[in-house]
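> Dumping the structure here so I can ask a few things about it.
The values are calculated or read from the model by the stated rules, or taken from the named source; none is laboratory data. Everything numeric in this text was worked out from a predicted model, so none of it was measured. We place every Cβ from the backbone using ideal geometry, glycine too, and count neighbours over all the protein chains shown.
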Amino acid sequence: MDERIVCTIFIQITDQIGADEFKGTMQVQLNRPVFNSSYQSPVLNIKDNDFDVRYVEFQPLEFSETSNTDALTNILAYYAYVILGFDYDTFSPMGGTPFFLRARDIVNKSQNAHEKGWRAFEGNYNRFWLIDNLSNKAYSPFRDLMYRYHRLGLDIMSDKPNVGRSEIADALKNIQKVYRSRPDTYINRMFFDAKSDELVNIFSKSNSDEKSRVMTIFTECDPSNSGKYQKILDQKSF
């Protein structure tokens, strides 16, 4: 893991329910450095709309992996493990597994929590479904994509741009596999939320054949951003 990784968490309080109870949203962003460059690649851009916590001013934040009684530290610990898991996955195949398993433990121990976001029936894009997707072997092609995209693709593009871009194009078939297995997975949405602008920049420099192949994937798996991907075709092929 590189020390230059940038993680940002934004918490916006929208309602104060009581003297010590707050509701709001939490934005989690993670950028990963690309080797031999100053570029930071966006890996995560998640908005959690189920931020519901209790906090008394000056109260120390203490997390216990055995009790999971505090909503605020539960959420912070959960996303800390998710961030570490994604970080390690981009540097080694399935490297983030130990961290994703710890995040799953927090979800499992929070099934009786008062707060939303921990259970399957509360929505399709919450903390439960994110870690369910990441720990489900049926969606393991996504995690393979994260490694190939970053370590075998972006990290070599400063020296071999065509080779790195070709690796990314081939790895994108994995997100297509996941999409065809289940179109509404959280990880599919999360991937394109973080990567759509970067993908346009990468493949605008492709040859016409490569553009055609990746556009087929983008059109199928991320139709809401089809207008954005049109910029790939608008650029002159090399």
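> Yes or no: the range 36-53 includes at least one residue that is surrounded by 18 or more Cβ atoms within 10 Å (Cβ to Cβ) and part of a loop (DSSP other than H, G, I, E, B).
no
> I'd like to verify a number: residues in the range 78-120 that are of a type in the set (A, V, I, L, M, F, W, C) and on the phi > 0 side of the Ramachandran plot, how many?
The number of residues fulfilling the criteria is 1.
> Based on what the data block shows, is residue 41 in contact with a Pro (Cβ under 9 Å, 6 or more places away or on another chain), in contact (Cβ under 8 Å) with a residue 40 or more places away in the chain and at negative phi?
Answer is yes for this residue.
> Continuing with the same structure: Residues in the range 190-198: is at least one in contact with a Lys or Arg (Cβ under 7 Å, 6 or more places away or on another chain), small (Gly, Ala, Ser) and modelled with pLDDT under 95?
Within the range 190-198, not a single residue is in contact with a Lys or Arg (Cβ under 7 Å, 6 or more places away or on another chain), small (Gly, Ala, Ser) and modelled with pLDDT under 95.
> Anything in the range 142-172 that is buried (at least 17 other Cβ atoms within 10 Å of the Cβ), within 14 Å of the chain's Cα centre (by Cα) and over 12 Å from residue 35 (Cα atoms)? List them, or say none.
Matches in the range 142-172: 142, 143, 145, 146, 147, 149.
> Quick check on my filter: what residues within the range 106-134 are touching a residue at least 40 places away in the same chain (Cβ under 8 Å), exposed (fewer than 15 other Cβ atoms within 10 Å of the Cβ) and over 26 Å from residue 175 (Cα atoms)?
Scanning the range 106-134 gives a single hit, 114.
> In this structure, is residue 62 in a loop (DSSP other than H, G, I, E, B), touching a helix residue (DSSP H, G or I) at 6+ places or on another chain (Cβ under 7 Å) and acidic (Asp, Glu)?
So residue 62 fits the description; yes.
> Can you go through 87, 70, 105 and tell me which one is under 19 Å from residue 146 (Cα atoms), outside the structural domain of residue 196 (by TED's automatic domain parsing) and of a type in the set (Asp, Glu)?
Testing whether each residue is under 19 Å from residue 146 (Cα atoms), outside the structural domain of residue 196 (by TED's automatic domain parsing) and of a type in the set (Asp, Glu) leaves just 87.
> Residue 103 versus (1) assigned to a helix (DSSP H, G or I); (2) in contact (Cβ under 8 Å) with a residue 40 or more places away in the chain; (3) within 17 Å of the chain's Cα centre (by Cα): which is the lone unmet condition?
Failed condition: (2).
> Same structure, new question: Taking the criterion of being out of contact with any helix residue (DSSP H, G or I) (no Cβ under 7 Å at 6 or more places or on another chain) and either without any contact (Cβ under 8 Å) to a residue 40 or more places away in the chain or farther than 30 Å from residue 206 by Cα (or both), would at least one residue in the range 139-160 satisfy it?
yes
> Among the numbered criteria (1) more than 21 Å from residue 125 (Cβ to Cβ); (2) crowded, with 21+ Cβ neighbours inside 10 Å, which single criterion is violated by residue 213?
Condition (2) is where residue 213 drops out.
> Quick one: which helices (runs of 4 or more DSSP H) sit completely within the range 121-204 and have at least 3 residues that are among the polar types (S, T, N, Q)?
It comes to 173-181, 186-203.
> Tally time: how many residues in the range 108-119 are aliphatic (A, V, I, L, M) and either in the same structural domain as residue 192 (by TED's automatic domain parsing) or modelled with pLDDT of 95 or more (or both)?
Of the residues in that region, 0 qualify.
> Kindly indicate which of 202, 175 is farther than 25 Å from residue 131 by Cβ and either of a type in the set (Phe, Trp, Tyr) or surrounded by 19 or more Cβ atoms within 10 Å (Cβ to Cβ) (or both).
After applying the criteria, what remains is 202.
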